[in-house]
Amino acid sequence: MAKILILSNGHGEDLSGSLIGRELVRSGNQVDALPLVGLGISYKEMDINIIGNLREFSTGGIGYTSLKGRFYEIIQGQIFYLIGHIYRLLKISYSYDLLLIVGDIVPVLAGWISRRPVVAYLVAYSSHYEGVLRLPWPCAICLKSNSFLRIFSRDKLTANDLTNQLSKLVQFHGNPFMDAVHSDKILENVSKLRLGLLPGSRRPEVENNLLMIFSVVELLPNYIFLESNLSVDMALVNALDDEGLMSLLSNTGWKKNNTFCSKHSLKFCKGDAIINIHRNSFSEVINSSDVLLSMAGTAVEQSVGLAKPVIQLAGNGPQFTPAFAEAQRRLLGPTVFCAEGIPGLRTTLQETADIIIKLLDSIQWDQNLKKNCRYQADYRLGGKGGSKKIASSIDNILLEI
């Protein structure tokens, strides 16, 4: 039995790390986690031991996407918090047989400094952004070192690109985060079509995102709701509880319909428009939806991986800004759509609503759209089983150490 420490730096990274960690535990290893950002909720859900005291930051570790995000990181003390975690790593690293890095340059550099055997899953980097991946300094130096025993990428294009750049084999075995949403669980089929809503997971950004998404739904034509052709369903994180949700919507005209509420779902109405809000049902929502409107990160990747067309709604950040949305489209390809214009303006919201109507219509008859969604899913994300494949490769490495 080997002792393994997982380093990850983001919510999506924590999810992938926890899924790989679960498979490593199943094969008899002892696994701990040191999340460099956030509360490590995914690890807790997988019963993986977390090292150190954790703290949540509003940027979720991605302050680099905007000047405002960088400012927030500085004033909230995130940089000093990160340095403290790396210091902790250096103190405990020699008690582990292997470090598993999930993320980008930050945990890669931390792993390299530790001088321990390292395996890296570079979930944050892809050659799809610009055709050729430009790793930030000194990431390539770290990855080329002998301490990095195996490197995994998030897609085949990146694996081939980095293999050439590093003169070292980089492998693609799929994306572990896809294993979290390949589920037979679906929402009750009450209509011909379903629009899924993904407002994201970080507070306080999720509140602002939610209000923008509600505004877009208001702009959908009434006939969609009157003819009961469409069910609109939102996957909402528990961080925003029912009381907070009611307070947020108190001055918007949206009213809770108590007749149809249950333990895990709420229904809000405004005129003819209806939004069903579900908790603890993220996989069910994206698996059941025909089209998704999103202001999220990893959730959009998972949706594309399930061959779903996605409409972005760029916001004011600190995560889901126009710059982040544009980079996400380059990463995920032509089945991700976005209205042009300034975030929050009525014209931008109306254009978003128009795109929703067009896609809901197209997904019913346009076989080329469906085929392209499936192709992009396979090409950019890969199939399910990435967690087990990566864990099995790590187990083989442990036999050689």
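The values are calculated or read from the model by the stated rules, or taken from the named source; none is laboratory data. Computed from a prediction, not measured in an experiment: that's the story for all the values here. A quick note on method: Cβ atoms are made from the backbone with ideal geometry, for glycine too, and the neighbour counts reach across all protein chains shown.
Restricting the search to segment 1-48, which residues are within 21 Å of R116 (Cβ to Cβ), part of a strand (DSSP E or B) and touching a helix residue (DSSP H, G or I) at 6+ places or on another chain (Cβ under 8 Å)? Answer for segment 1-48, where residues must be within 21 Å of R116 (Cβ to Cβ), part of a strand (DSSP E or B) and touching a helix residue (DSSP H, G or I) at 6+ places or on another chain (Cβ under 8 Å): K3, I4, L5, I6, L7, S8, V31, A33, L34, P35. The residues on offer are S283, S247, S231, and the sole one that is surrounded by 18 or more Cβ atoms within 10 Å (Cβ to Cβ), assigned to a helix (DSSP H, G or I) and hydroxyl-bearing (S, T, Y) is S283.
In segment 362-379, of all residues being of a type in the set (D, E, K, R) and at pLDDT 95 or above, the one that is nearest to the chain's Cα centre (by Cα) corresponds to R374. Taken over segment 90-141, residues that are closer than 17 Å to A33 by Cβ and part of a strand (DSSP E or B) amount to 9. For segment 89-106, enumerate the residues that are within 26 Å of the chain's Cα centre (by Cα) and either loosely packed, with under 15 Cβ neighbours inside 10 Å or closer than 14 Å to P117 by Cα (or both). Listed by number, the residues that qualify are L89, L98, L99, L100, I101. Quick one: would you say I390 is outside the structural domain of L293 (by TED's automatic domain parsing) and either farther than 30 Å from P117 by Cβ or not aromatic (F, W, Y) (or both)? Yes; evaluated as a whole, the condition is true for this residue. N238 falls short of the stated requirement of being under 24 Å from the mean Cα position of the chain (by Cα) and surrounded by 15 or more Cβ atoms within 10 Å (Cβ to Cβ). When segment 385-401 is limited to residues that are β-branched (V, I, T) and part of a helix (DSSP H, G or I), the one that is nearest to the chain's Cα centre (by Cα) turns out to be I390.
Put simply, of R154, R115 the only residue that is out of contact with any helix residue (DSSP H, G or I) (no Cβ under 6 Å at 6 or more places or on another chain) and at positive phi is R115. Filtered by the rule that a residue be basic (K, R) and more than 15 Å from G383 (Cβ to Cβ), segment 151-180 gives a lone residue, K168.
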